[in-house]
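Note sheet for the following structure.
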Amino acid sequence: MLTRQVYDHARRNPDKIALVFNNRTLTYHELASSIEASRRLLEKRGVAGHGVALLVISSFLDAWIVGLAVRGLGLTTLVLPSLEEASKFVFPGIRFVVARTGDRAWPGLQALCRERGWEAIDLPAPRFTRVRNHGAVEAPVWPAVPGERILLTSGTTGLSKMTLFDPLGENTEPHRRAIFEISDRSVVLVPSFGGWSSAGYNVPAHVWDAGGTVSIYQGSRQWESFRRPGVTHAFVHPALLAKVLSAPRGELPRNDEIQLIVTGGALLPEQYEEAKARLTSQIFVCVGATEAGVFTLTRVEQPDDLRWHRIVPGCDVQVVGDDGRSVPVGEVGTVRVRVSDGAIGYLHDDAASRDFFHEGYFYTGDLGVLRGDGRLSLHGRSVDVLNVAGEKVLPAPIEEKLATECGVSAACVFQARPEEDGHTIYVVLESPPTISLPKVEAALASVLPRPFSAKIHCLGVLPRNHMGKVLREDLKRRIGL
């Protein structure tokens, strides 16, 4: 259990820095002391046993402290990013909703708790004081069944799904740490990843399990988090990387000791070149899923590495047809990953579990191609495939071409109802309205079969989730579909 591991590190290396949150540092002793103070307060309020505790805390620092305290009492935690998300989840296992006193990010929370019959637990804001001449943090009697965690999927095609992970699965942390070469000497930057996401939970968990240092930044000036000396790893998604690279010249220190790991979306060539020039030469792209963990990690050394991913050694990744058999090398099929230590289904969604989990594999919903050397290329989501005049067309290469040739940060291509009108393609660009429409039309004509008609929209900012992925259903609603 991660909570117990933090306490053990506090006993062995009390002065080692465990966490940097913005400009505040906490040693392992201070982190464990803060967790223990919250655990005792929660225990006095009757929070113990089994069931689910929703954590509605806007500060990532407080959410981690309270979450580890709750799990140390035997409850399962679900961290939520907003009150809107909280209102979506209705299932019988919720026992408590834990919030911080004076947290203004959650107006209407008390009313929602009364409506749903949830017991609201209001904790005072923590007081962080530097501890001198400290003694060891006394470890409590741990529950026989440690608390679990629920993580949310990306929700790019609709509502987020909930995935439950057995706490015994954390015994696999050494394997997952090895993928990223994380050790007790690592200082790992995880800026603005919420604890409800796979990266937001799992990366800090890997680091603390090893006894390393986690650096979390929550704010608008994302590049400031890269100024901390000694950072060895930095995890970002493409939209977050764009914010980092928006730093004024001279504000972003370049450091070739940092491994920059880009996850949660495709890294564009021009973004790679700028990151290489301004941040570090060690740039990796990582592909994974909340349900199955990381299954590719590729160091980018040439343009080909942005498209063709290296499968993590020992990970069983296949590209299969509708019959579940592997398709020949070079042919497009559905990507599936064998799940050995991930989720086995979705909470309270048997239909989705049947759709995505079969015979020990998780079907990611991605279309992909395997190359002769075993490398994998992704070609978009199966639900996003276009039907243009009766011909199946993959959207991902079109979106990449539009973004590159039109000089925009993102592009989305989709249809409203292909069965009703197979000729109309909707294009939404993340760009100012002054973009050259003939340029967009020319790029489309070079990759789409004819005949087709395009309806082009420009938005300053596309709707995205916490990982920076475009929310396609929200996007369709914004343009009136």
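Each value in this text was obtained by applying a stated rule to the coordinates, not by laboratory testing. Fair warning: this is a prediction, and the values are worked out from it, not measured in the lab. Ideal geometry is used to build each Cβ from the backbone, glycine not excepted, and the neighbour counts take in all protein chains shown.
Over all other residues within a Cβ to Cβ distance under 12 Å of Gly195, the charged ones net out to +1, with Lys and Arg as +1 and Asp and Glu as -1. With the convex hull constructed from alpha-carbon coordinates only, region 328-373 shows a mean projected area of 3.9 nm² over all directions.
A dipole drawn for the chain from +1 and -1 charges on Cβ atoms has a positive end, and of Ala105, Ala266, Ala234 the residue lying farthest that way is Ala105. For the chain, the relative contact order comes to 11 percent (Cα pairs under 8 Å, sequence separation of at least 6). Cβ-to-Cβ counts within 10 Å put His457, His9 in ascending order as His457, His9, the fewest first.
A crude spin-label estimate for the pair Ser436 and Arg371, with each label 7 Å from Cα along the Cβ direction, gives 3.2 nm. Per residue, the convex hull spanned by the alpha carbons of region 385-478 comes to 93 Å³. The Cα center of region 367-410 and the Cα center of region 32-77 differ in position by 43 Å. Once you divide the Cα radius of gyration of region 73-127 by 2.2 N^0.38 Å, the number left is 1.12. Note on region 1-89: Kirkwood radius taken over Cα pairs, Stokes-Einstein applied at 4 °C and 1.567 mPa s, translational D equal to 95 µm² s⁻¹. Here is how the number arises for the chain: DSSP H runs of 4 or more residues each give -39500 (n - 2.57), the sum is divided by the residue count, and the result at 222 nm is -8000 deg cm²/dmol.
Taking Cα centre as origin and charging only the Cβ of basic (Lys, Arg, +1) and acidic (Asp, Glu, -1) residues, the dipole magnitude of region 267-341 rounds to 180 debye. For the chain, the longest principal axis of the alpha carbon atoms and the long axis of helix 28-44 meet at an angle near 80°.
Note on region 214-271: percent of Cα-Cα distances in each 5 Å bin, starting at 0 and stopping at the bin with the largest distance, equals 4, 17, 30, 30, 16, 3. Can you list the lysines whose alpha carbon is less than 18 Å from that of Lys243, not counting same-chain residues fewer than 8 positions off? Candidates past the 8-residue exclusion: Lys276, Lys469. Taking the chain as the reference, fit the longest principal axis to its C-alpha atoms, fit the long axis of helix 395-406 to the helix C-alpha atoms, and give the angle between the two in degrees, 0 to 90, nearest 10. That works out to roughly 80 degrees. The magnitude of the dipole of region 205-353, with charges of +1 and -1 set on the Cβ of Lys/Arg and Asp/Glu and taken from the Cα centre, is near 600 debye.
Note on the chain: Kirkwood radius taken over Cα pairs, Stokes-Einstein applied at 25 °C and 0.890 mPa s, translational D equal to 103 µm² s⁻¹.
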